[in-house]
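Presented below is the structure to which this report refers.
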Amino acid sequence: MKDENKINALVNSAIAPSGRQEYTITVYTENQIGLLNRIAIIFSRRKINIDSFNSSPSELEGIHRFTIVINEMEEVVRKLVRQIEKQVEVLKAYFNTGDELVWQELALYKVPTDAITEKVKVERLLREYGARVVAIRKDFTVFETTGHREETDALVKVLEPYGLIEFVRSARIAIIKTSAGFHEKLKEFEAMAPGTEVIENTYLDKNEEVFSM
Amino acid sequence: MPQFTDTLPQEKTSAPIAKEIVELSGSQAVMQAFLAEDVETIFGYPGGAIMPIYDALYDFTDKMEHILVRHEQGAIHAAQGYARTSGKTGVVFATSGPGATNLVTGLADAIIDSTPVVCITGQVFAHLLGTDAFQEVDIINITTPVTKWNYQVTDASEIPGVLAKAFFIAASGRPGPVLIDITKNAQIQKFNFEGYKKCDFIRSYRPKPLIRKSNIEQAAALINAAEKPFVLFGQGVILGKAETEFKKFIEKGGLPAAWTILGLSALPTDHPLNVGMLGMHGNYGPNVLTNECDVLIAVGMRFDDRVTGRLDKYAKQAKIIHLDIDPAEIDKNVKATIGVWGDCKETLPLLTELLQQKKYPQWLDRFTQHKTQEEETCIFPEFNPATEEISMGEVINTLNDLTKGDAVIVTDVGQHQMVACRYAKFTQSKSNITSGGAGTMGFALPAAIGAKYGAPQRTVIAIIGDGGFQMTIQELGTIMQTKLDVKILILNNRFLGMVRQWQELFHEKRYSFVDITSPDFVQVAKGYYIDGKSVSEREKLKDALQEMLDHKGPYLLEVMVGKENNVFPMVAQGTSVAEIRLK
């Protein structure tokens, strides 16, 4: 299992020599106008590029969930997450590497219809990549796939020789493997007295490792 | 003069938290909120989009005082000064568009210096939002990075709830500025006011992180085992109203303590364990010994770069304990061995409880040795200059003799600020008001106005350079109109001194645009019906300062000081605190 995780980690979020790595930040917030800007400027102020940014409802009514992907060093990400959590309307923010998540991105491909009808190979390719047809018109056909970036990217490469007209990929959405959802968490947040779990001091949780006399 | 009487029906004003539902306009609801929040002083400037609120205020002038400033930046700096001396939240009114944008510098100053301020800005009618209407500015988006929270109200019924949140957020946890933008229609709109309920809980907002017992225990163990412990304290001690707790903490542990300029006055300057000022122009000992101590205990401070100098050479030998209410501050600049999250009002007593009663005479001696060296090289020559020109340090030293450290000192930004912070004596907390993190020139004059309103019984002295004074000089008009007893002490070196000092030291004396001309400040003050005087001779200095202090009402004293004096010691940018130079 451990090895599998390691392999996944390598595949999903290869650590660049700079120490940068792909991190997915999940933020639970109140649904409030202006909050998107408040979160976005935490990155832009530090000149950090956002690779993908998704905002959607969560499993709880009235609670919004942001999924943000960036390429950064762990230390930077940790600080960013604290700055995000500091915002009044943010309930909680988490950061994870790819191996700690189940994640998907949706991609749409527009290809000339005649290329598909005439070339059997294209059809086979599409089947291979698990692409589904979304729309068929005389002049073009739209396919969709969902998957990891390498997968959706790979299909772009494959379709390019057949006259790929348009390609678009959605922001990432991700589920944290170990998460028990936000229902219990929200109860804690709604309680006047914070529970012990509310303050997740990731650094202090490793006291034995860092504390030495 | 109109009679300021309360013209609203009695039940509306005398029962702010009325049980029965009354119909109020949005603007009247703002007044109700202010009554419930105990707002006594508002700094503001009216304009088109905030007129309904000013109209409502007209009925409440017996309950709250409105100070008409001369520029909105003056309003927010005044509110900051008010908050800093009173410990309450400062309140500001400004109109839409330029009125609101003029607040931005003050908001930036307030957020970095954690000052609780609530700003109410008028906004164009909701139906005009986004149409480039007259005096329409997207102030919410402009102020997002410089506010702890902001919100635009477009419906009057939101006002009680939003204002309750605003006051709660501004003052709780790590304080900060909040801006509430209210569209004109919401100010006029009538709604059923169901009473005002103060806010003390927002589910997504944790003003105080939970204190962990284990952190306290580990911190105490580290301190008890230390041989050369050293405490750094910041404004957190003042904001947490934890001055007593802090004093007990260092006294029990026998811990030498040095301050950031915002922490100054939290501990009396003559306290035997107060070893002085940190940072770029701080004292010699605290800077050098930061890199010699074995346990560094930071209380309510954020390791600003002006305090730490070069980070990769900062206290590398020490175990670091960091107490802060804002979790984002811990490990931000300096990695903590033990981070103690929480309000220092609560964490300090817990920590003190576990401390052993100790004294470190040899370690304290190290501070004394450095102090002696600094006194010989820097302080004695500063207080006793060999030239005829008065030095800034001399002025502050003389002022100390006269005020005995009881005055509130408000400083601007630059050389005079560093000198005043270095040498001014303080006996009580909330006495040093300065623009620290933002370094806002022009801060002092309006902040002094607010400081006086926040502490009316105290002597308030604004110490300002000739450059910064000209940035908000128009607030003399506010002083004229209010006849507010603020003393203005201008240290005039006929230069933008701090920039000039850097140009001398690091740019081969290429004095690029630092040679600033000033008007006759005394005549300017006279134009505002404020008395004043200018002195340039040493023998007249003390009497002139005494005259300023004795004067009934506002007074401006200009002291002509040495043109090319430098502030030393100095930790040059990009160097380590241990490399602090004495000259």
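The values are calculated or read from the model by the stated rules, or taken from the named source; none is laboratory data. Since the structure is predicted, the reported quantities are computational estimates derived from the model, not experimental observations. Cβ placement follows ideal geometry from the backbone for every residue including glycine, while neighbour counts extend to all protein chains displayed.
Considering segment B:229-255, and only residues there that are over 19 Å from B:Gly285 (Cβ atoms) and hydrophobic (A, V, I, L, M, F, W, C), the residue that is nearest to the other protein chains (Cβ to nearest Cβ) turns out to be B:Leu239. Within segment B:124-135, the residues that satisfy the criterion of being within 19 Å of B:Pro52 (Cα to Cα) and away from chain A (no Cβ under 14 Å) are B:Val124, B:Phe125, B:His127, B:Leu128, B:Ala133, B:Phe134, B:Gln135. The set of residues in segment B:181-194 that are surrounded by fewer than 22 Cβ atoms within 10 Å (Cβ to Cβ) and not in a loop (DSSP other than H, G, I, E, B) comprises B:Asn185, B:Ile188, B:Lys190, B:Phe191, B:Asn192. Screening B:Asp138 with (1) over 26 Å from the mean Cα position of the chain (by Cα); (2) away from chain A (no Cβ under 12 Å) gives one miss only, at (2). Only residues that are touching a helix residue (DSSP H, G or I) at 6+ places or on another chain (Cβ under 7 Å) and either β-branched (Val, Ile, Thr) or surrounded by 18 or more Cβ atoms within 10 Å (Cβ to Cβ) (or both) were counted across segment B:91-135, and they come to 30. You will find that of B:Ala186, B:Ala226, B:Ala156, B:Ala221, the residue that is at the interface with chain A (Cβ under 9 Å from one of its Cβ atoms) and more than 31 Å from the chain's Cα centre (by Cα) is B:Ala221 and no other.
For the condition surrounded by fewer than 22 Cβ atoms within 10 Å (Cβ to Cβ), small (Gly, Ala, Ser) and within 20 Å of B:Val146 (Cβ to Cβ), what is the one hit in B:Gly450, B:Gly442, B:Gly437? Don't jump to the end; show me each part of the working.
Details: B:Gly450 fails: surrounded by fewer than 22 Cβ atoms within 10 Å (Cβ to Cβ); B:Gly442 fails: surrounded by fewer than 22 Cβ atoms within 10 Å (Cβ to Cβ).
None of the other options fit; the residue is B:Gly437.
Residue-by-condition table, conditions (1) buried (at least 18 other Cβ atoms within 10 Å of the Cβ); (2) in contact with a Gly (Cβ under 9 Å, 6 or more places away or on another chain); (3) away from every other protein chain (no Cβ under 11 Å):
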site	(1), (2), (3)
A:Ile48	no, no, yes
A:Pro57	no, no, yes
A:His64	yes, no, no
A:Glu74	no, yes, yes
A:Glu85	yes, no, no
A:Val102	no, no, yes
A:Thr113	no, no, yes
A:Glu118	no, no, yes
A:Val122	yes, no, yes
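Which of the numbered conditions does B:Asp200 fail, given that it passes all the others? Conditions: (1) within 11 Å of another protein chain (Cβ to nearest Cβ); (2) touching a Leu at 6+ places or on another chain (Cβ under 6 Å). The number of the failed condition is (2).
Could you list all residues from segment B:522-552 that are outside any helix (DSSP H, G or I) and more than 24 Å from B:Asp406 (Cβ to Cβ)? Break it down into steps so the answer makes sense when it comes.
Within segment B:522-552, the subset outside any helix (DSSP H, G or I) is B:528-537, B:551-552.
Those that are outside any helix (DSSP H, G or I) and more than 24 Å from B:Asp406 (Cβ to Cβ): B:Tyr528, B:Tyr529, B:Ser534, B:Ser536, B:Glu537.
The set of residues in segment B:136-148 that are closer than 17 Å to B:Arg174 by Cα and crowded, with 23+ Cβ neighbours inside 10 Å comprises B:Thr147, B:Lys148. The set of residues in segment B:124-159 that are in contact with a Pro (Cβ under 9 Å, 6 or more places away or on another chain), assigned to a loop (DSSP other than H, G, I, E, B) and either aliphatic (A, V, I, L, M) or closer than 22 Å to B:Tyr205 by Cβ (or both) comprises B:Val137, B:Thr147, B:Lys148.
Name the residue, out of B:Thr89, B:Thr144, that is farther than 19 Å from B:Val486 by Cβ and free of Cβ contacts under 8 Å to residues at least 12 places away in the same chain. None of the other options fit; the residue is B:Thr144. From the list B:Val118, B:Val162, B:Val178, the lone residue that is at pLDDT 95 or above, in contact with a Phe, Trp or Tyr (Cβ under 8 Å, 6 or more places away or on another chain) and part of a helix (DSSP H, G or I) is B:Val162.
Tell me, please, whether a residue that is within 14 Å of another protein chain (Cβ to nearest Cβ), surrounded by fewer than 17 Cβ atoms within 10 Å (Cβ to Cβ) and touching a residue at least 12 places away in the same chain (Cβ under 8 Å) can be found in segment B:404-412.
Step one: of segment B:404-412, the residues within 14 Å of another protein chain (Cβ to nearest Cβ) are none.
The answer is no; no qualifying residue exists.
A quick yes/no check of all residues on (1) buried (at least 21 other Cβ atoms within 10 Å of the Cβ); (2) in contact with a Gly (Cβ under 8 Å, 6 or more places away or on another chain); (3) at the interface with chain A (Cβ under 8 Å from one of its Cβ atoms); (4) within 19 Å of B:Lys252 (Cα to Cα):
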site: B:Ile320; (1), (2), (3), (4): yes, no, no, no
site: B:Ile325; (1), (2), (3), (4): yes, yes, no, no
site: B:Glu329; (1), (2), (3), (4): yes, no, no, no
site: B:Asn333; (1), (2), (3), (4): no, no, no, no
site: B:Cys344; (1), (2), (3), (4): yes, yes, no, yes
site: B:Leu351; (1), (2), (3), (4): yes, no, no, yes
site: B:Leu354; (1), (2), (3), (4): no, no, no, yes
